[in-house]
Structure formats: structure tokens, C-alpha cells
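Report on the following structure.
Just so it is clear, none of the values below were taken in a lab; they were calculated from the coordinates. Since the structure is predicted, the reported quantities are computational estimates derived from the model, not experimental observations. So basically every Cβ, Gly included, is an ideal-geometry build from the backbone, and we count neighbours across all protein chains shown.
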Amino acid sequence: MIFKHESARIYHEDQNGKVLAEILFPSEPGGIANITRTFVDDSLKGKGIASKLVEMAVEQIKMEGRTPKFTCSYAVKWAEKHDQSSCKC
């Protein structure tokens, strides 16, 4: 699966351009990137894609020198499971 990366978004589209998976993490003051939305189309659920999206987002955020914040309900659960206690949860 090929994911496209933008400054505050990672997503996957089908061949027709329909978004099938997406995570949004807009910037906030103080070097924070807030993970506000994680979406996976029903056709892809149960394949670990949401977890992969959060993992990629956190990696990208940290590589950019920012701190992740988790407000999306899925991302909050992911952060707890993956011991992201140093993040702005």
C-alpha cells in the first residue's frame, strides 16, 4: 500500500482518487502537531492500517522536530498502548 505524505496529512487513495485511509495532524503553537483525525474505509478495516497511519504520523512529526498531541480517539488509545507518555496527550 502506498501512502502519500503532506506536511499535516498522510493518506492512501484508490486508483480513482477516492481516499481510503487518512490521518490529519495540523500544527498548533509551541511546536505541537495535533493528531485530530484517523480514517480507514470499511473495505480496509481490520488490517492494522489505522495503527500504521498513527505510527507514520508520529515518526514524521518527531522528524520535523515537533511534539505529537493526540485528540483523535483512536490516536489516544494508540498512544496509551505504545507508551507515548512524553507526548502532549
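Label sites at E59 and K77, each approximated as a point 7 angstrom past Cα along Cα to Cβ, lie 2.3 nm apart.
In debye to the nearest 20, how big a dipole does the chain give about its Cα centre with +1 on each Lys and Arg Cβ and -1 on each Asp and Glu Cβ? Could the numbers behind the result be given before it?
Numbers: 13 positive and 12 negative charges, 31 e Å.
In total the dipole reaches around 140 debye.
Loop-located trypsin sites (Lys or Arg not before Pro) in region 3-89 (DSSP state other than H, G, I, E, B) with a sparse environment of at most 14 neighbouring Cβ atoms within 10 Å: K18, K45, K47. Between I32 and T67, the built amide H atoms are under 5 Å apart, and every one of these is 5 or more places off in sequence or on another chain.
Estimated from helices alone, the mean residue ellipticity of the chain at 222 nm is -8500 deg cm²/dmol (sum of -39500 (n - 2.57) over DSSP H runs with n ≥ 4, per residue). Distances between placed amide hydrogens fall under 5 Å for D41 paired with A21, all partners being 5 or more residues away or on another chain. Computed log10 I(q)/I(0) for the chain at 0.10, 0.14, 0.26 Å⁻¹: -0.23, -0.44, -1.37, from the Debye equation with unit scatterers placed on every C-alpha and solvent omitted.
Computed from phi, the 3J(HN,Hα) profile of region 60-65 under the Karplus parametrisation 6.51, -1.76, 1.60 (θ = phi - 60°) reads 5, 4, 5, 5, 7, x Hz, with x in place of Gly and Pro.
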